[in-house]
Each structure stands twice: as C-alpha cells, then as structure tokens.
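The values are calculated or read from the model by the stated rules, or taken from the named source; none is laboratory data. The structure displayed is predicted, hence computed values, not measured ones. So basically every Cβ, Gly included, is an ideal-geometry build from the backbone, and we count neighbours across all protein chains shown.
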Amino acid sequence: MTDNKDRAIEINKRIGSAIKQLRLIRGMTQEHLATILGVSFQQLQKYERGKNRVSAARLVLIAEAFNIPVQNFFEYECDSEPDEKDRLRLETAKYIRQIKNPHHLGAIHMLIKSMATELSATTGKSLLAE
C-alpha cells in the first residue's frame with residue numbers, strides 16, 4: 001500500500017510541476033490562472049508543488065485554460081525541480097511568445113528546427129525526444 005501511496009504522491013508532484021511549467025511558458029501569473037480556475041493563488045501553489053491533489057474536473061479546466069488536451073499532463077515528464085536546461089527552455093519559450101511579427105517567428109522556428117535536426121543527424125539523438 002505504501003508503494004502506491006508514494007507513487008500517487010510522485011504523480012501529483014509531476015502534474016503540479018507540469019502545471020507550473022506550462023503556466024510559466026504561457027507567461028501567466030499564479031493569480032491569473034487561479035482566477036480562471038476559481039481558486040485562490042495559494043491553492044494553485046499547492047497544486048503546483050504537489051501538496052494538494054488536482055481533481056479530474058480541475059485538471060480538465062486547467063487543460064482548457066492552456067488550450068491543450070488533458071492527456072498532455074500524463075505524457076509530460078519533468079522533474080520536481082527544473083534544472084538549467086529547463087530554465088533556458090522556459091525562458092526561450094517566454095521570449096518567443098512575445099514575438100508579434102509572423103515572419104520573425106517563422107524564421108526562429110526554422111532556425112530551431114534546423115539546429116535540432118542537425119544535431120540529430122550528427123549524434124543520432126533527437127533533441128525533440130528530450
């Protein structure tokens with residue numbers, strides 16, 4: 001029974017971490033997302049830290065707020081604490097979201113795709129799989 005309880009706690013932490021990372025990528029404050037969900041920002045903090053379990057209904061609302069399928073939360077692998085690579089990815093995504101010019105955005109997309117493809121060809125490893 002303890003193994004399942006520990007596993008449930010780990011799953012709650014992973015989902016909470018995914019919520020936090022998606023919120024940061026979208027440039028949302030805790031207060032803004034909490035308002036959308038109809039909870040206090042303190043409650044959202046507890047979700048993000050994995051201290052409180054997110055109900056299935058609330059997870060659907062969160063997915064809708066991010067405009068993603070709810071199953072993404074179960075496919076999203078991340079550590080409880082982001083490392084330097086995660087921080088850089090989040091920061092890059094934040095800057096990319098601020099780009100308004102579609103031509104600039106397309107150029108950046110092609111650059112990143114080209115770099116990921118080039119690395120994949122030379123190492124046999126895809127950055128997209130990380």
Give all pairs with beta carbons closer than 8 Å in which a residue from segment 106-130 that is farther than 23 Å from E75 by Cβ and modelled with pLDDT of 80 or more meets a residue that is among the β-branched types (V, I, T) and not in a loop (DSSP other than H, G, I, E, B); count only pairs at least 6 apart in sequence or on separate chains. I108/I96
Taking segment 35-58 as the region of interest, how many residues are assigned to a helix (DSSP H, G or I) and over 19 Å from P69 (Cα atoms)? 8
Are any residues in segment 37-74 within 26 Å of D6 (Cα to Cα), hydroxyl-bearing (S, T, Y) and more than 14 Å from the chain's Cα centre (by Cα), and if so, which ones? S55
